[in-house]
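One structure below.
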Amino acid sequence: MNLKFVFLIALFPLIVKAQIDSSRKNPIFTIKTDLAYYTLNFISGYEAAGISIELGFLKRHAIMATWNYNRFYETRPTQNYTSRYDNFIVQYKLFWRKEKPQSGFYCGAYAKFNKHRFRINTFPQNTYDLAYFAKEEELHIGGGGAIGFQETFGKHFQVDAGIGFGVLHRVAYKLFSNADHSGPYTNDIPTKLDPRLNVSLGYSF
């Protein structure tokens, strides 16, 4: 039997093991949560939740999809109101480091869809007062750029910190009310700036 063939057969298990080990070091699929988002909303008195899923490919590239929301509500004897923002963000990342997959400094761009819903109810204190109801919905679409740093510790634990800046533009607006009101109820700014900050912890598969 050819000695080269025997040598390759003997090395085959080692080659397969090396490929498996290297693939485990590549955080192809990561689930994250943004601690900075929770902290900033908690300080502002909002409840918040969110999740990000990142798919890495070709070592230096990644696509991250994020959904999060925050909500503020207040109840008073004469009225209550609720304000909620839902965000869906798709971000592309290009990593500068070539040696370790999806790690080190990165830059990229993102697209963002933002839906805001506001609702207010007033309760009359006198029989001659009328109850007031208003509900508005607005949709913003925009995007911007981002930079950051990401590192995976061990095989699974990941830290991702970054900042970004973009612009959102209102593309749809609806107002429902039982009284004459020209709207928008909360603000009349069709275009707004979108600064971003994230400090995320993740688990890589």
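The values are calculated or read from the model by the stated rules, or taken from the named source; none is laboratory data. Since we're looking at a predicted model, the values are computed, not measured. Don't worry about glycine lacking a Cβ; one is built from the backbone with ideal geometry, like all the others, and counts go over all protein chains shown.
Below are the figures for this structure:
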{"read-out": "Test for Lys93: is it among the basic types (Lys, Arg), buried (at least 16 other Cβ atoms within 10 Å of the Cβ) and in contact (Cβ under 8 Å) with a residue 40 or more places away in the chain", "value": "yes"}
{"read-out": "Test for Ile9: is it exposed (fewer than 11 other Cβ atoms within 10 Å of the Cβ), assigned to a helix (DSSP H, G or I) and at pLDDT 90 or above", "value": "no"}
{"read-out": "Subset tally (residues that are at pLDDT 90 or above and either within 22 Å of Gly45 (Cα to Cα) or not in a strand (DSSP E or B) (or both)) for region 87-98", "value": "3"}
{"read-out": "For Glu74: the one exception among (1) under 22 Å from the mean Cα position of the chain (by Cα); (2) of a type outside the set (A, V, I, L, M); (3) exposed (fewer than 15 other Cβ atoms within 10 Å of the Cβ)", "value": "(1)"}
{"read-out": "Candidate set: region 31-59, residues that are among the charged types (D, E, K, R) and surrounded by fewer than 18 Cβ atoms within 10 Å (Cβ to Cβ); chosen: the one farthest from the chain's Cα centre (by Cα)", "value": "Lys59"}
{"read-out": "Those residues of region 169-203 which are part of a strand (DSSP E or B), more than 16 Å from Asn114 (Cα to Cα) and at pLDDT below 90, in sequence order", "value": "Leu175, Phe176, Ser177"}
{"read-out": "Verdict on Asn80 being in contact with a helix residue (DSSP H, G or I) (Cβ under 8 Å, 6 or more places away or on another chain) and either assigned to a strand (DSSP E or B) or among the β-branched types (Val, Ile, Thr) (or both)", "value": "no"}
{"read-out": "Region 47-61 - residue that is in contact (Cβ under 8 Å) with a residue 12 or more places away in the chain and among the hydrophobic types (A, V, I, L, M, F, W, C) and, of those, nearest to Pro101 (Cα to Cα)", "value": "Phe57"}
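Table: residues versus (1) in a strand (DSSP E or B); (2) closer than 30 Å to Tyr203 by Cα.
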residue	(1), (2)
Gly56	yes, yes
Met64	yes, yes
Glu74	yes, no
Tyr85	yes, yes
Lys100	no, yes
Tyr106	yes, yes
Lys115	yes, yes
Phe118	yes, no
Asn121	yes, no
